[in-house]
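Structure first, commentary second.
The values are calculated or read from the model by the stated rules, or taken from the named source; none is laboratory data. Predicted model, so just to flag it, every value in this text is computed and none were measured. Here the Cβ is made from the backbone with ideal geometry for all residues, glycine too, and neighbour counts use every protein chain on show.
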Amino acid sequence: MQLIKPWESVEEAPESADYCRSWEEELQREIGPKHCLFGCQVKLIGRRYDTDDALFLLEDGRVAEVHLTWSGHQEPDPRWPGTSIFATLEEWQSMSSNADY
């Protein structure tokens, strides 16, 4: 999968399965019952290595750009971890190509 720089696909990393699982588990630890991703099945598909931002594919095909807090526990404020949801990967790419990095 090709992502817009500075984003990189996690599919090519040799340790991909363990690496992805650790990010997916951290997301599940952080989201509380009022968070927009609560109860969603996610798969890590991309990362920005200059930040703690991650791109997750949701089970319904939507894409979530998430800024993890790495607190290791459920965040009490549903605004965290910071999350933007896009209908498709193409919509995310279109919006990301307009962002200033």
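Below, the figures for the structure above:
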{"item": "Some residue of the stretch 40-59 being at positive phi and either under 11 Å from the mean Cα position of the chain (by Cα) or not polar (S, T, N, Q) (or both)", "result": "no"}
{"item": "Qualifying residue in the stretch 21-40 (condition: at pLDDT 95 or above and in contact with a Phe, Trp or Tyr (Cβ under 6 Å, 6 or more places away or on another chain))", "result": "yes"}
{"item": "Criterion violated by residue 80 - all others in (1) hydrophobic (A, V, I, L, M, F, W, C); (2) out of contact with any Ser or Thr (no Cβ under 6 Å at 6 or more places or on another chain); (3) within 21 Å of residue 31 (Cα to Cα) satisfied", "result": "(2)"}
{"item": "One residue from 10, 66 being touching a Ser or Thr at 6+ places or on another chain (Cβ under 7 Å), of a type in the set (A, V, I, L, M), crowded, with 18+ Cβ neighbours inside 10 Å and at pLDDT below 95", "result": "10"}
